[in-house]
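Each remark here refers to the structure printed beneath this line.
The values are calculated or read from the model by the stated rules, or taken from the named source; none is laboratory data. Nothing here was measured: the structure is a model prediction, and the numbers come from that model. Methodologically, a virtual Cβ is constructed for each residue, glycine included, from the backbone with ideal geometry; neighbour enumeration extends over all protein chains shown. Heads up: the accessible areas ignore ligands, DNA and RNA and are worked out on the full protein's heavy atoms, side chains in. Shrake-Rupley method; radii C 1.70, N 1.55, O 1.52, S 1.80 Å.
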Amino acid sequence: MRCPVCERAELVEKVQNYHYRECGLGNVVLTGITVRSCPECGALVPKIPRMEALHDCIAHALVKKEERLTPEEIVFLRKSLGWSGADFADNLHCDKSQVSKWENGRVPMSKQNELLFREIVARGKKIDDYKRTDAARKEAGKVVSLFVSMDDSKRQWTDEWREAA
Ligand SMILES: [Zn+2]
């Protein structure tokens, strides 16, 4: 396959970790992904299987996280529900301007609203325990990333928070 960006070279295929910035979150790493890269311009074209299940997996991990949701995570979860900003405001019985303040980080969501929002996202998905902790996240101040891997049977995505290498 020729590079879709520069069209000067054939893409080279390699299995590697892929920093999945396209999802709008800065710290999601997909492990063992087939990535085609351009030797000329460096463009990366990942082959991501079961995209919908992947986004469910990420949403599930966010809903379970101990820390408050970041503005980017609020946007990701809102989109995972297929909601516009107006839908978000309707469902949480608040003003549309309130939603944009949460999403651009000007005003934090109240804890009550955040809990409600997490419940809405979690509905229909099995949530073991919001307070579940992973060893990496117990250590205050450590920067952790969400590593998302396709399991060996290639049927399911699994998530794990751990320190970036
Ligand atoms: Zn290129």
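Under the rule a/c < 1.5 gives rounded, and otherwise a/b versus b/c splits prolate from oblate, where does segment 67-130 land using the Cα gyration tensor?
Numbers: a/c = 1.74, a/b = 1.37, b/c = 1.26.
The shape class here is prolate.
Separation between the residue 81 and residue 68 pseudo-spin-labels, each 7 Å from Cα along Cα→Cβ, expressed in nm?
Taking the simple label geometry, residue 81 and residue 68 are separated by 1.9 nm.
Counting only protein heavy atoms and a 1.4 Å probe, tell me what percentage of the chain's accessible area is made up of carbon and sulfur.
On the way: 4750 of 9810 Å².
About 48 percent, which is the carbon plus sulfur part of the accessible surface.
With every protein chain left in place, what is the accessible area per residue of the chain in square angstrom, probe 1.4 Å? Write down the numbers at each step before the final one.
Working: 9810 Å² over 165 residues.
It amounts to 59 Å² per residue over the chain.
Just the isolated ones, please: cysteines in the chain lacking another cysteine beta carbon under 4.7 angstrom.
Cys with no partner Cβ under 4.7 Å: 23, 57, 94.
With a 1.4 Å probe and all protein chains kept in place, how much accessible area does residue 103 have, in Å² rounded to the nearest 10?
Rounded to the nearest 10, the figure is 40 Å².
Which shape class applies to the chain: rounded if a/c is under 1.5, otherwise prolate when a/b exceeds b/c and oblate if not, where a ≥ b ≥ c are the square roots of the Cα gyration tensor eigenvalues? Walk me through the numbers before you get to the answer.
Numbers: a/c = 2.08, a/b = 1.58, b/c = 1.31.
Taking the square roots of the gyration eigenvalues as a ≥ b ≥ c, the chain is prolate.
Please check: in the Gaussian network model of the chain (C-alpha springs, under 10 Å), which one of 53, 43, 61 has the largest mean-square fluctuation.
Judging by the Gaussian network model, the answer is 43.
In nm, what is the difference between 0.36 nm times the number of residues separating residue 152 and residue 34 and their Cα-Cα distance? Don't jump to the answer; show the numbers that get you there.
Details: separation 118, 0.36 × 118 = 42.48 nm, distance 1.44 nm.
Stretched fully, the residue 152-residue 34 segment lengthens by 41.0 nm.
Show 51, 150 ordered by accessible area, largest first, where the area counts protein heavy atoms only and the probe is 1.4 Å. Please list the in-between numbers first.
Details: 51 90, 150 35 Å².
Putting 51, 150 in descending order of accessible area: 51, 150.
Just to check I understand the Karplus step: with θ = phi - 60° and J = 6.51 cos²θ - 1.76 cosθ + 1.60, what whole-Hz values come out for segment 74-87, glycine and proline as x?
Taking θ as phi minus 60°, the curve returns 4, 4, 4, 5, 4, 5, 5, 8, x, 8, 7, x, 5, 4 Hz for segment 74-87.
Report, in listed order, any pair from 14/142; 79/111; 47/142; 47/101 with a Cα-Cα distance greater than 32 Å. Write down the numbers at each step before the final one.
Details: 14/142 30 Å; 79/111 20 Å; 47/142 30 Å; 47/101 35 Å.
Beyond 32 Å: 47/101.
Compute the relative contact order of the chain as a whole-number percentage, counting only Cα pairs closer than 8 Å that sit 6 or more residues apart in sequence. All intermediate terms of the calculation are to be shown ahead of the outcome.
Numbers: 227 pairs, mean separation 35.0, N = 165.
Here the relative contact order equals 21 percent.
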